[in-house]
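Everything below concerns the one structure shown next.
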Amino acid sequence: MKNHRAQWPRSFVALALLTMLAACDDTKHYPASTDTARAMLVGTTIPDIAFGNSAHSGPGEATAEGVQWAVEVGPADGSAGDPEHGIGDKVMMLKAKLVAAGDGTDLTVDLTPPPHVDPAKFKALFDQHPGMDGMFRNIVQEQADSVLTNRPFSYANISGSMALAVLGELPNIRQQLDEDEKVYELHERDTIDHAYDSAK
Amino acid sequence: MRTWRRGGLVIALLALVGCSKGADELYYDVAPDDAFVRLIKADITGFRDARQCGMLIYFEPKEYDATRTIVWEVTSGDRTVARFGLHVVPKGSGSVIEMQIPKAPDGKEIYDGTQKYSHPAFLQPLRPTLRELVAAAMEQRSYDWHRLPDMPVDYTICASTRQNFIASGQPYRIDDPSGMTHEQAEAARSKYGSLPVERDDVFGPVGP
């Protein structure tokens, strides 16, 4: 166990490097004009495979800067989800910013909180889950690229950043497991003690 | 040639280290009288909570001052389901704690990891978990199952009854059929009358 823990810092360094590398290639150029690119992206939705059952994207909406997709809690059909978190609540805006460049468009991506979410809390959330930022940026990028190059959304193009996000979550998962274990042990002791007290 | 000699020397040293570690595994630099007092205060409740199965079990200690030995009789209902002792053997200025675990009918130790019980008292194997009981007592701390060595997972009925007990809060009883909760046993009795209840031969015959 001690050996495994000693490896965390090294994993963090590797993760940080990979995240930095992934972030280097943020701007992509497309031959379409900004208006054409916007028109192509508006109304599209990011496939559910990118979010699993926990969330889905709303349709792309036109903005002054480009196009944005709202990420909403729960699956698109509202059939399941965690009742503690409102199904359909907007939790994040995924943005494709379009800037005219030469005879085409430069596209960059951004993540922003929806209007009702405190930006500081939003930032804190991503600080706490370091791999998530890269993963969501990658998802927007793949959505935009697949639409603008007339090809299907490819899970293979986002699986790498998803894997990184999962790796980045390992310390949190570890901590959560430790906390859960403590709670379970307490419950175990309470149950046993209560049984012995009742038997007296 | 020299490499072979060095290799031989290393093997010999390793063998010696292995032997002395085995012999002094439970050696503590604690005077025998003090060691005995610490054993008497051992966290037997922590041990019980960490290792018991689904039945409630009770530990009755018997202290033998003259030999610095403490023996716990473990009962459930009116039956003895296990027994083990710890004996302080003076060594130098310290003490070696000797574990006394009775023989099972097959000549092996009770709860050695191979025994089958219909109404088990502990997760098996017992011996490594007693080492932690001793270590905790000598270090004057609570029993800590996280310090147990890696052991094969116990997939016997003990583990499942323990899980059910923790989940429901309802302990199993030695006078009910193996694996049946008391509620299930009572329901079956009201339907079918008395039920056959398995009995475990925990202990082997006492030698001459």
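Starting with the fewest neighbours, write out A:E169, A:E142, A:E181 ranked by other beta-carbon atoms found within 10 Å of each beta-carbon.
Working: A:E169 16, A:E142 21, A:E181 11.
Listing A:E169, A:E142, A:E181 from fewest to most nearby Cβ atoms yields A:E181, A:E169, A:E142.
Hey, what number do you get for chain B at 222 nm if only DSSP H runs of n ≥ 4 count, each worth -39500 (n - 2.57), divided across all residues, to the nearest 500? All intermediate terms of the calculation are to be shown ahead of the outcome.
Numbers: 6 runs with 74 residues, N = 208.
That comes out to -11000 deg cm²/dmol.
Cut-off is 10 Å between beta-carbons; in what order do B:F122, A:F122, B:F47 appear when sorted fewest neighbours first? Spell out each step's value before the answer.
Values: B:F122 25, A:F122 17, B:F47 22.
Going from sparsest to densest Cβ surroundings: A:F122, B:F47, B:F122.
Mind checking which lysines have their C-alpha under 22 Å from B:K62, skipping anything on the same chain fewer than 8 residues away?
Once the sequence-local lysines are set aside, what remains near B:K62 is A:K200, B:K41, B:K103.
Can you give the relative contact order of chain B as a percent, counting alpha carbon pairs under 8 Å and 6+ residues apart? Display every interim value, and only then the final one.
On the way: 322 pairs, mean separation 47.2, N = 208.
Once normalised by length, the contact order is 23 percent.
Across segment B:75-90, in residue order, what do the Karplus-derived ³J(HN,Hα) couplings come to in whole Hz, using 6.51 cos²θ - 1.76 cosθ + 1.60 with θ = phi - 60° and x for Gly and Pro?
Taking θ as phi minus 60°, the curve returns 10, 9, x, 10, 10, 7, 9, 6, 7, 7, x, 10, 10, 8, 10, x Hz for segment B:75-90.
Using a cut-off of 19 Å between alpha-carbon atoms, which lysines can reach A:K28, once sequence neighbours fewer than 8 places away in the same chain are excluded?
A:K95, A:K97
Roughly how large, in nm² to one decimal, is the mean projection of the convex hull of the alpha-carbon atoms in chain B? Intermediate values should be presented prior to the final figure.
On the way: hull surface 64.1 nm².
Dividing the Cα hull surface by four gives the mean projection, 16.0 nm².
Does segment B:112-194 come out rounded, prolate or oblate, given a ≥ b ≥ c as the square roots of the eigenvalues of its C-alpha gyration tensor, rounded meaning a/c under 1.5 and, failing that, prolate meaning a/b above b/c?
Numbers: a/c = 3.07, a/b = 2.32, b/c = 1.33.
Prolate shape, in that a/c is at least 1.5 and a/b is the bigger ratio.
FYI, it's all coordinate maths here, none of it is from the lab. Computed from a predicted structure; not experimentally measured. All Cβ positions, glycine included, derive from the backbone under ideal geometry; neighbour counts span all protein chains shown.
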